[in-house]
1. Specify the residue that is nearest to Val375 (Cα to Cα); the eligible residues are those in region 448-480 that are within 16 Å of ligand 1 (Cβ to nearest atom), assigned to a loop (DSSP other than H, G, I, E, B) and open to solvent by less than 40 Å² (accessible area, probe 1.4 Å).
2. Residues to consider are Ala72, Ala49, Ala76, Ala63; find the one that is open to solvent by less than 10 Å² (accessible area, probe 1.4 Å), at pLDDT 95 or above and touching a helix residue (DSSP H, G or I) at 6+ places or on another chain (Cβ under 6 Å).
3. Taking region 247-265, which residues are more than 30 Å from Ala213 (Cα to Cα) and either more than 10 Å from ligand 1 (Cβ to nearest atom) or at pLDDT 95 or above (or both)?
4. Could you grab me the full set of residues in region 383-392 that are within 33 Å of the chain's Cα centre (by Cα) and open to solvent by less than 50 Å² (accessible area, probe 1.4 Å)?
5. Would you please name the residue that is most open to solvent (accessible area, probe 1.4 Å), looking only at residues in region 112-142 that are basic (Lys, Arg) and within 9 Å of ligand 1 (Cβ to nearest atom)?
6. Do we find a residue being farther than 30 Å from Gln297 by Cα and modelled with pLDDT under 95 anywhere in region 140-150?
7. Output the qualifying pairs, or none if there are none: Cβ atoms under 9 angstrom, residues six or more apart or on different chains, first residue in region 424-445 and more than 19 Å from Phe263 (Cβ to Cβ), second residue part of a loop (DSSP other than H, G, I, E, B).
8. Testing His268 on (1) farther than 26 Å from His143 by Cβ; (2) in a helix (DSSP H, G or I); (3) under 22 Å from the mean Cα position of the chain (by Cα); (4) away from ligand 1 (no atom under 16 Å from the Cβ), one condition comes back false. Which one is that?
Amino acid sequence: MDLKIAFDNSYARLPGRFFMRQAPVPVRAPELLLLNLGLAEELGLAGDALQSPDGVEMLAGNAVPEGAEPLAQAYAGHQFGGFSPVLGDGRAILLGEVIDDTGTRRDLQLKGSGQTAFSRPGSDGRAPLGAVIREFIVSEAMHALGIPTTRALAAVATGEHVRREAMLPGGVLTRVASSHIRVGTFQFFAARGDTEALQALLDYAIARHFPQADGPMGFLDAVIEGQARLVAQWLGVGFIHGVMNTDNTAISGETIDFGPCAFMDSFHPATVYSSIDRGGRYAYMRQPEILAWNLAQLASALLPLMGEPQDAALEAAQAAVERYPELVRAQWAEVFGRKIGLQRREDGDAALAAGLLERMAEEGADFTNTFRALVTGRARDEFTDPLAFDHWEEGWRARLAREPEPEALAARLKQANPAVIPRNHRVEQAIAAAMQGDLSVATRLIGALARPFDDLPEELADLARPPLEEERVQRTFCGT
Ligand code: AMP
Ligand code: MG
């Protein structure tokens, strides 16, 4: 095949029990639907080669390019609180790693690439095309919003059907990540008492992600910090991940596994979209505490590496986990301080921001549009009772009076509050059109989402509009 990729596969050089070597399972009639040329360039991949028949064969998993060492990674995980000692890539294949134009190592993974040794019993190893398009749109939107995330290089239709709620067209996503190491990867070896592998994984993860970290404690601190920053950023754009299991928490601090995720329209802290999250376990406002739990699982998986005596190790690990709530509070104050235009931090700032959110929740104000309307002074129009906003605004203006550079307030607000996010109903419309062979709805949406902090031109203004009653999407599906 013509496509030349300079693979350098460090994960494949780890001990054999880290993965199963395995090629993707070919599909019947691959068709390239979406290709991310900007990302291809970052990775040093030629766009026209990816679009060539050979390129599409690779993106579909029908051909394995030279230098790739396809494998399915092993991991465990707590899902909705219950522990599974073996999960692993049941429908994904790591093709290999490339070094990008900034010198960073990136994984190239096919998702929806067929059964593996880790496939859930009775599951097909495939992905519905709708879920593939959803992940493409939403992960690229996250990136443009400045939030660490796995990326989407390509979406391919397979020409095959998968059985879910109904028979659905299948797809393969090419996912790019700074690694696919999860909290669950550490749990996998910890659960087996395989301290040697655990140490090898830790050494590998430190070298790849946190070269400055000193041993397991330094590593734990670094992961906790990255995750605290990440979850605060999610909250800042109204994002609900939907499946915050430990196998979906990446060590790198990137958002990973976009299943039934969604962005909120009207604000309520208890919002849940995922069809499988009946108890509201992973509701918007619960995400920081769920993460605390996931990080505590990482800490306990690392314990065997923390030396003797074990009670001292336990104490240190506990102390690290106990620092997390304060880290999240600080990150939250940072994100929401910026959202209300503050450059400096004063004691009452978090309460001020929280006060706005409380009023928004009472009034069902649109999350994105209310914050964005702070730029133009029209935020009161987002409230059924504008007086609710006016009261808050008095305190806000008083606080703003103590900020430097008042002339730059509008610019600051614009930089912190996107005009456009991937609203559920727009994503669903893009998917529905793509199913009918019309990709223009998706590409138009993707184009607008690539510059979320710019004012939307008139012809794209509809993308900022909250859903009409009949357009509202209440439930999202993970497509597994
Ligand atoms: P997820 O809920 O996507 O994080 O997946 C949880 C586990 O189920 C992982 O081990 C997946 O690889 C596996 N899994 C999800 N969907 C499928 C599928 N269609 N076929 C086989 N395994 C799957
Ligand atoms: Mg997962």
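1. Restricting to residues being within 16 Å of ligand 1 (Cβ to nearest atom), assigned to a loop (DSSP other than H, G, I, E, B) and open to solvent by less than 40 Å² (accessible area, probe 1.4 Å), the top hit is Cys478.
2. Numbers: Ala72 fails: touching a helix residue (DSSP H, G or I) at 6+ places or on another chain (Cβ under 6 Å); Ala49 fails: open to solvent by less than 10 Å² (accessible area, probe 1.4 Å); Ala63 fails: open to solvent by less than 10 Å² (accessible area, probe 1.4 Å).
The match here is Ala76.
3. Selection gives Cys261, Ala262, Phe263, Met264, Asp265.
4. Correct list: Phe383, Phe389, Trp392.
5. In this case the residue turns out to be Arg120.
6. Checking region 140-150: not a single residue is farther than 30 Å from Gln297 by Cα and modelled with pLDDT under 95.
7. Listed by first residue and then by second, the contacts come to Ala433/Leu439.
8. Among (1) farther than 26 Å from His143 by Cβ; (2) in a helix (DSSP H, G or I); (3) under 22 Å from the mean Cα position of the chain (by Cα); (4) away from ligand 1 (no atom under 16 Å from the Cβ), His268 violates only (2).
The values are calculated or read from the model by the stated rules, or taken from the named source; none is laboratory data. No experiment lies behind these values; they were computed from the predicted model shown. Note that we place each Cβ from the backbone using ideal geometry, even for glycine, and neighbour counts take in every protein chain shown. In case anyone asks, the SASA skips ligands and DNA or RNA and just uses the protein heavy atoms, side chains included. Shrake-Rupley method; radii C 1.70, N 1.55, O 1.52, S 1.80 Å.
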